[in-house]
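Here is the structure we will look at, set down as structure tokens.
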There are 2 protein chains.
Amino acid sequence: MGFNHLTPEPITIADRLFQELRRAILGGELPPGKKISEPELANQYNVSRGSLREAISKLENCNLVTRKPNIGARVVGFSTKQLMEIYQIREAMEGMAARLAAENMSNEQLAHLNSLVEHNKTAVTTQDPYATPTSVHYDADLDFHFCIIQGCNNERLQRMLYVDLYDLVRFYRFRLNPRFSEQALSEHELIASALNNRDGEMAELLMRHHIRASRARAQHHLLAIPPDEIE
Amino acid sequence: MGFNHLTPEPITIADRLFQELRRAILGGELPPGKKISEPELANQYNVSRGSLREAISKLENCNLVTRKPNIGARVVGFSTKQLMEIYQIREAMEGMAARLAAENMSNEQLAHLNSLVEHNKTAVTTQDPYATPTSVHYDADLDFHFCIIQGCNNERLQRMLYVDLYDLVRFYRFRLNPRFSEQALSEHELIASALNNRDGEMAELLMRHHIRASRARAQHHLLAIPPDEIE
DNA sequence: AGCTTGAAAATTGTCGACATTGTACTTGAA
DNA sequence: TTCAAGTACAATGTCGACAATTTTCAAGCT
């Protein structure tokens, strides 16, 4: 699973801890809403509580845990409302990112994006049995969005999407485990073609439509799940 | 100056430190790019380095300082490029916030917004000598945007704007000290009227236009400043 | 003079112990 | 039996000291 985005080398102990805990949360070992016990985890990972607290602080930045003074930290909770909120934010921010990418993306980045779309298309049509939705399509969708974000030439927008939002996206995606619809694929193709034409206005429109549609698909998918499994 | 947004009571020492340092950075006591010396500040505020480090961590969340492993923290730097990036992000996020506010804002919130606009209009037309641009108009603009954000009914969008972006906005605004143009006021009126009509589409369009225009005004204003005062 | 090397000083990272706050349980009375 | 208060326990907040790394600066060489 694509955990190694923007995490170069763990220099310090707190950094290493942060990455391991992040992985544990995104991978489901630490369930949503679980209390994070400082003494327990410090013991488990053989580090001091100070370093652990710094790691928790970083997790708070990614919105993967929430802390209350004198009470402690918990893994972020799962809620349909929050998921819908995230889609709204992505619609706005990634729409802008697509517009900027159309204007600023390098030709190399564009070529990479096209190869992603192409590769994904063949993977879907050939119905490779090993290309399960949880492995291939999954990361393919993420990679598509990451590639565009990377081309937007706005460092702060990139950082906000990467560290403030996309860990939450992964958090929900792992738990919802959505089938990657073929409709989403064709939406990707449309966006890519707008980017190839360097049409920022169109790219923003199509990206917003794509994310709104994804939100609707997720909502529809949620209705089919027994309510007791959610939240 | 409006520093007391979303800062209820300093429960813990680290919280208090965070607020004081935040104020120091936004108020200009700690200049952009200044190295943050842990021993020095810990001594100055009579706290342990541990608490100070936690406060610095919180400042990092607000994007007011940047930290590098084994090197230390610095107050965020001033750069025209970054300011323009922030305007682009605000255009996307606050545009969405305006759309959502049109749909979800309570009548009380709407009334408050109207009173803000009205009060601001009279303050401008009467040319009250005490209503200097740095005190009244200043916070008036911030309050206007905050009021709309508060009405958008998307908690995460609110938090992202408040904690991740608006401290940076204050950071730049304090240093640029822009004259509040009458054009901006009329743009506010237009946005308010769209919100009164509960027209989300129009509210988003007008908000985006307003922020894009503000960005152009800021850029124009920057060109009139000797380059050595910037960065 | 300018550059490289090396040691000394300062700064950041890490740790364990103490203080303070929250929590759970027991005990007692209505 | 149920609720309240108090006590004991556990978790978080805070601190000072030690270890590892970076920076500084002075000596030596080309």
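Once the partner protein chains are put back, region B:82-122 shows a loss of at least 20 square angstrom of accessible area, versus the chain by itself, at B:Q82, B:E85, B:Q88, B:I89, B:A92, B:M93, B:M96, B:L100 (probe 1.4 Å, ligands and nucleic acids excluded). Here the label points at A:E108 and B:R16, each 7 Å from Cα along the C-beta direction, are separated by 5.3 nm in the simple model. Summing Cβ point charges (Lys, Arg +1; Asp, Glu -1) relative to the Cα centre of region A:80-229 gives a dipole of roughly 320 debye.
Measuring with a 1.4 angstrom probe and ignoring ligands and nucleic acids, A:H145 comes out at about 0 Å² accessible. Interface A-B: total buried accessible area of about 2800 Å², 1.4 Å probe, protein heavy atoms only.
Average accessible surface for the protein assembly as shown: 48 Å² per residue, computed with a 1.4 Å probe over protein heavy atoms with every protein chain in place. Note down the net charge around A:G27, summing +1 for each Lys or Arg and -1 for each Asp or Glu among other residues with Cβ under 15 Å from its Cβ. Net charge around A:G27: +2.
Lysine pair count for the protein assembly as shown with Cα-Cα distance under 17 Å and sequence separation of 8 or more or different chains is 11. Between the listed residues B:C152, B:Y172, B:P69, the Cα displaced farthest toward the positive end of the dipole of the protein assembly as shown, a dipole computed from Cβ unit charges relative to the Cα centre, is found at B:P69. For the set B:R53, A:R90, the ranking by accessible area, highest first and with no ligand, DNA or RNA atoms included, is B:R53, A:R90 under a 1.4 Å probe. Amide H to amide H distances under 5 Å link B:V65 with B:E60, B:V76, where only residues 5 or more positions off or on other chains count and H is placed in the peptide plane. The accessible-area ordering, largest first, of the residues A:K68, B:K121, A:K81 stands as A:K68, A:K81, B:K121, per a 1.4 angstrom probe.
Say we join alpha carbon atoms closer than 10 Å with springs in a Gaussian network model of chain B; which of B:S37, B:S181, B:S106 then has the biggest fluctuation? Highest fluctuation of the listed residues: B:S37. Between the Cα long axis of helix A:13-27 and the first principal axis of chain A there is an angle of about 60°, rounded to the nearest 10.
Taking every C-alpha pair closer than 8 Å and separated by at least 6 residues, the mean separation divided by the residue count of region B:80-229 gives a relative contact order of 45 percent.
Helix B:107-125: angle to the longest alpha-carbon principal axis of chain B, degrees 0 to 90, nearest 10? With both axes taken from Cα atoms, the answer is about 90 degrees.
Note down the magnitude of the dipole of the protein assembly as shown about its Cα centre, charges +1 on Lys and Arg C-beta and -1 on Asp and Glu C-beta and zero elsewhere, to the nearest 20 debye.
Roughly 980 debye, rounded to the nearest 20.
Starting from the label point of A:A111 at 7 Å along Cα→Cβ, the same points in the other copies fall at 6.3 nm, in ascending order.
Distance between the modelled labels on A:E40 and A:E118, one decimal in nanometres: 5.1 nm (7 Å Cα→Cβ projection).
The heavy atoms of A:K34 offer some 90 square angstrom of accessible surface to a 1.4 angstrom probe. Cα centroid separation, region A:1-80 to region B:34-107: 21 Å. The heavy atoms of B:Y166 offer some 0 square angstrom of accessible surface to a 1.4 angstrom probe. Computed from Cα atoms, the angle from the helix B:80-104 axis to the main principal axis of chain B rounds to 50 degrees. P(r) tail, the protein assembly as shown: Cα-Cα pairs separated by more than 41 Å, 20% of all pairs. Taking the 1.4 Å solvent-accessible surface of the protein assembly as shown as the whole, the part contributed by carbon and sulfur is 51%.
For the pair region A:173-217 / region B:155-231, the C-alpha centres are spaced 29 Å from each other.
Its alpha carbons give chain B an Rg and a Dmax of 18.7, 56 Å.
Counting, for every residue in B:46-56, the Cβ atoms of other protein chains within 10 Å of its Cβ and taking the mean gives 1. In terms of accessible area, using a 1.4 Å probe and ignoring ligands and nucleic acids, A:Y45, B:Y87 rank largest first as A:Y45, B:Y87.
The values are calculated or read from the model by the stated rules, or taken from the named source; none is laboratory data. These numbers were taken from a predicted model, which means no experiment stands behind them. Glycine also receives a Cβ, built like all others from the backbone with ideal geometry; neighbour counts cover every protein chain displayed. Surface accessibility is based on the protein's heavy atoms, side chains included, excluding ligands, DNA and RNA. Shrake-Rupley method; radii C 1.70, N 1.55, O 1.52, S 1.80 Å.
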